[in-house]
């Protein structure tokens, strides 16, 4: 009769309790091990035998060590092939722990790399830190104990010491054994080693280079051009791929103050800026050549109230005392156009501590808090005049066109204090030492300089010189010291820089330099967004069975272009079509750009194959499909050189700025060096393997974990090397721990030595 309904045999709460007890027991009495799932590199298509595999992922897991009397009996045996380890170990792990923490990650492996992720598999590896050894799972008991409370709670792994054959094992970085010692974290390449003898003759081959079409995120290029209708042509048509879509130009406004840029305002952010745009301005206002002393402009005051170009603020003291700098001179050129008696002359420049101005008669005056001095030489009207003020300690003089005035004992030996503002032109506030004098000079001012020298006195009349060049004015003739402050009054364009964001729009404008010479607001122009690069392609024709004339076989890309935000239109022109071909463009990011030919080589009587670095990147837990790898074809000239390389697929997902392009050798040519543990590829078939050893002197390459067969005469390439295969062979790696013949031989020679005599006596 049926089981009693009043007694539950395996309720969920009971099952949960048992699972928790199992987990707790493992936590208390278990060992931390690493679980390395097996990934398939190559599998026999007939009998499904896995011929090459890799273990490059690991997961930490607690396991109970069932063994109580060592690693099995016997652990080591002597075979005709040497001493062989046969250590065995039995481990128990929690089924729940495996299902929750390992299965989800294995489910993310690319299709074909793993037979199943539902449960552990025979052939997976266990790293046991207790013995610093790798064990291979030979059998998994999945039903022990047998349906306790109607559920299964654990896996029992029966393992043997790992005997590498043709595997790649990559242990995680920072791994330590039970003693805290570092474990070699490099790739363990042991087992079946393929020895490749590579061509050693140094002949010239074609070399090529390539970079990304664009490094700007979000900017796309043409990856490939699928053909939907091959058409019917009497000749070869031309392929036109439309240009990238033009973005909108950013705009802004500007204000000026005192001859330079005061503010800039962004009025439109624009769109599709692939790079930061440059910003230009209309040039400052020009004066006539007769009104320029040096350079390309001067300060022009058109009225008695004009103060354009004024205000220079001093950040530190400008000292004319003997202690430190010595004598100070301030010099400039003045071109007066009017002496107006109605306004009592004009102010040339002033601070809160001094003023330089001229009377309606043309005499120049220097005034300070203690008084003023007047130069007896009158200014020349409508001509350039050189004016210099010199100060040493509290003594000051003023010279006009080389004539020096009497000295004035000023109250303050410092001509400029930190924070002082030197204003050129009218004292609009009515301040200063002559309140009635508020009008500006009318005319032009040029090349203001301030020079600090080591002179210990004022310059006398015979030492005063009127400069004739910029260099003379900027360098003191007596002491050969350079000017500390120079304001040339030349036209100087502003410098404004823009910023952009990930959306490729202009987000801000920053003034780096305000410029000078503006009397009206200039026009600011923000560079238009770059159009990008137009993609180009060619049609490869073929004759098809049952179809007259020719049809388009495929479209090869000569330049993937850059700057596309949407797939461009593809058209065919010419070729005398009976029916027109139809194709579309597929655009992607991180596409390779045009392939450049470093050298075309010589002697090519065939079209060489082209290999390009593959994309082996996992993004967002999803491996990029193989179809994203770039593929290209070479074009050979009549002279036997490679003149061009075209894409059938420009690839996508390339994160490095460059990729390697390998061109099949014309003869037995070679170049470059292989690196241990790098992935190398046979160009024509895509067969790959890992480098175990590279003998540069003899051009012998040893590889492991091959995904297929290597063929004599084919080209094998790495990240920076390309060689032709001369011969292939199999070898057994010398670092296999169970192949101990050499060790046994060495130990035996120490017991019985036959090298000198027979230890059992002579005949």
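The values are calculated or read from the model by the stated rules, or taken from the named source; none is laboratory data. This structure is a prediction, so every number in the text was calculated from the model and none was measured. With ideal geometry, Cβ positions are generated from the backbone for all residues, glycine too; neighbour counts draw on all protein chains shown.
Beta carbons closer than 7 Å, at least 6 apart along the sequence or on distinct chains, pair a first residue in region 95-108 that is outside any loop (DSSP other than H, G, I, E, B) with a second that is at pLDDT below 85 for 103/117; 103/118; 106/114; 106/117.
For region 626-649, the criterion of being modelled with pLDDT under 70 and over 14 Å from residue 560 (Cβ atoms) is satisfied by at least one residue.
Got a sec? Which of 386, 366 is touching a helix residue (DSSP H, G or I) at 6+ places or on another chain (Cβ under 9 Å), in a strand (DSSP E or B) and farther than 15 Å from residue 425 by Cβ?
386
State the number of residues belonging to region 482-509 that are closer than 19 Å to residue 249 by Cβ and not in a loop (DSSP other than H, G, I, E, B). Selection size over region 482-509: 9.
Of the candidates 738, 670, the single residue that is at pLDDT below 80, under 24 Å from residue 54 (Cα atoms) and surrounded by 11 or more Cβ atoms within 10 Å (Cβ to Cβ) is 738.
When residues of region 515-539 are filtered for being surrounded by fewer than 16 Cβ atoms within 10 Å (Cβ to Cβ) and either out of contact with any strand residue (DSSP E or B) (no Cβ under 8 Å at 6 or more places or on another chain) or in a strand (DSSP E or B) (or both), how many remain?
Going through region 515-539 one residue at a time, the tally reaches 2.
Could you please let me know if residue 287 is at pLDDT 70 or above and assigned to a loop (DSSP other than H, G, I, E, B)? The answer is no for residue 287.
Residues in region 49-74 that are over 44 Å from the mean Cα position of the chain (by Cα), on the phi < 0 side of the Ramachandran plot, at pLDDT below 80 and surrounded by fewer than 18 Cβ atoms within 10 Å (Cβ to Cβ): 68, 69, 73, 74.
Residue-level check: of (1) outside the structural domain of residue 633 (by TED's automatic domain parsing); (2) surrounded by 15 or more Cβ atoms within 10 Å (Cβ to Cβ), residue 223 misses just (1).
No other residue among 684, 648 is surrounded by fewer than 19 Cβ atoms within 10 Å (Cβ to Cβ) and in a strand (DSSP E or B) apart from 648.
Do we find a residue being surrounded by fewer than 19 Cβ atoms within 10 Å (Cβ to Cβ), in contact with a helix residue (DSSP H, G or I) (Cβ under 7 Å, 6 or more places away or on another chain), under 18 Å from residue 98 (Cβ atoms) and in contact (Cβ under 8 Å) with a residue 24 or more places away in the chain anywhere in region 151-168?
Within region 151-168, one or more residues are surrounded by fewer than 19 Cβ atoms within 10 Å (Cβ to Cβ), in contact with a helix residue (DSSP H, G or I) (Cβ under 7 Å, 6 or more places away or on another chain), under 18 Å from residue 98 (Cβ atoms) and in contact (Cβ under 8 Å) with a residue 24 or more places away in the chain.
Quick check: anything in region 261-268 in a loop (DSSP other than H, G, I, E, B) and in contact (Cβ under 8 Å) with a residue 12 or more places away in the chain?
Quick first cut of region 261-268, residues in a loop (DSSP other than H, G, I, E, B) only: none.
There is no residue in region 261-268 that is in a loop (DSSP other than H, G, I, E, B) and in contact (Cβ under 8 Å) with a residue 12 or more places away in the chain.
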